[in-house]
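I have placed the structure first, in the form of structure tokens, so that the comments after it can refer back to it.
The values are calculated or read from the model by the stated rules, or taken from the named source; none is laboratory data. Keep in mind that what you see is a predicted model, and the values were worked out from it rather than measured. Cβ placement follows ideal geometry from the backbone for every residue including glycine, while neighbour counts extend to all protein chains displayed.
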Amino acid sequence: MMTTLEAEVYLADRADNHGLSLEQLMDITPESVADSPVESAMFWEDKHMSHILPKSLYPSMANDPDNIIPEDAAPNMARGAEVMTDSEIAAAQLDSEYDALLIDVMYSGDTHYETVEVPDLIPFFGFI
């Protein structure tokens, strides 16, 4: 695991490599990990910075933080230079929130396992 200083350097470099400030990167980082440089770095190590409007078609939007969202590598790479659909945006946002929550629960002590609500799926599927 990274030290706080290593995480801060990683995040600053990652932001700079995409034409963003560190503040802009943190604005698109899920809140559950944004309170910790180490958790934020862990999150961004596993995410691409996906462009809603692709850089190749909209170069003026390449460094616009409103055009960038965190997304897993596979869907980002598979989409290529296509504009993200609303469902792709929603899926990326949901996945990012879930991944960030897992990092937060596992590494920060911010949330305890016993306080995380897990839905009871058995009645949902009609087994009771």
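Within region 84-128, the set of residues being under 19 Å from Asp66 (Cβ atoms) and either modelled with pLDDT under 90 or surrounded by 13 or more Cβ atoms within 10 Å (Cβ to Cβ) (or both) comprises Met84, Glu88, Ile89, Ala91, Ala92, Gln93, Ser96, Glu97. For Thr29, the conditions (1) without any contact (Cβ under 8 Å) to a residue 60 or more places away in the chain; (2) closer than 20 Å to Asp104 by Cβ; (3) part of a loop (DSSP other than H, G, I, E, B) are fulfilled apart from (1).
Can you confirm whether region 32-55 contains a residue that is surrounded by 17 or more Cβ atoms within 10 Å (Cβ to Cβ), of a type in the set (S, T, N, Q) and in a helix (DSSP H, G or I)? Scanning region 32-55 turns up at least one residue that is surrounded by 17 or more Cβ atoms within 10 Å (Cβ to Cβ), of a type in the set (S, T, N, Q) and in a helix (DSSP H, G or I).
Okay, residues lined up against (1) out of contact with any strand residue (DSSP E or B) (no Cβ under 9 Å at 6 or more places or on another chain); (2) at pLDDT 95 or above; (3) of a type in the set (Phe, Trp, Tyr):
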{"residue": "Asp13", "(1), (2), (3)": "yes, yes, no"}
{"residue": "Leu20", "(1), (2), (3)": "no, yes, no"}
{"residue": "Gln24", "(1), (2), (3)": "no, yes, no"}
{"residue": "Asp27", "(1), (2), (3)": "yes, yes, no"}
{"residue": "Glu39", "(1), (2), (3)": "yes, yes, no"}
{"residue": "Trp44", "(1), (2), (3)": "no, yes, yes"}
{"residue": "Lys47", "(1), (2), (3)": "no, yes, no"}
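Per the conditions (1) farther than 19 Å from Glu97 by Cβ; (2) in a helix (DSSP H, G or I), the sole criterion not satisfied by Leu20 is (2).
Using the structure shown, decide if Val105 is part of a loop (DSSP other than H, G, I, E, B) and farther than 25 Å from Asp16 by Cβ. No, not satisfied. Among residues of region 58-70 that are over 22 Å from Asp46 (Cβ atoms), those with a beta-carbon under 6 Å from a residue that is at pLDDT 95 or above and aliphatic (A, V, I, L, M) at least six positions away or on a different chain give the pairs Met61/Leu53. So for region 68-77 (the condition being hydrophobic (A, V, I, L, M, F, W, C), loosely packed, with under 15 Cβ neighbours inside 10 Å, in contact with a strand residue (DSSP E or B) (Cβ under 7 Å, 6 or more places away or on another chain) and modelled with pLDDT of 95 or more), does at least one residue qualify? Looking for residues that are hydrophobic (A, V, I, L, M, F, W, C), loosely packed, with under 15 Cβ neighbours inside 10 Å, in contact with a strand residue (DSSP E or B) (Cβ under 7 Å, 6 or more places away or on another chain) and modelled with pLDDT of 95 or more, one finds at least one in region 68-77, hence yes.
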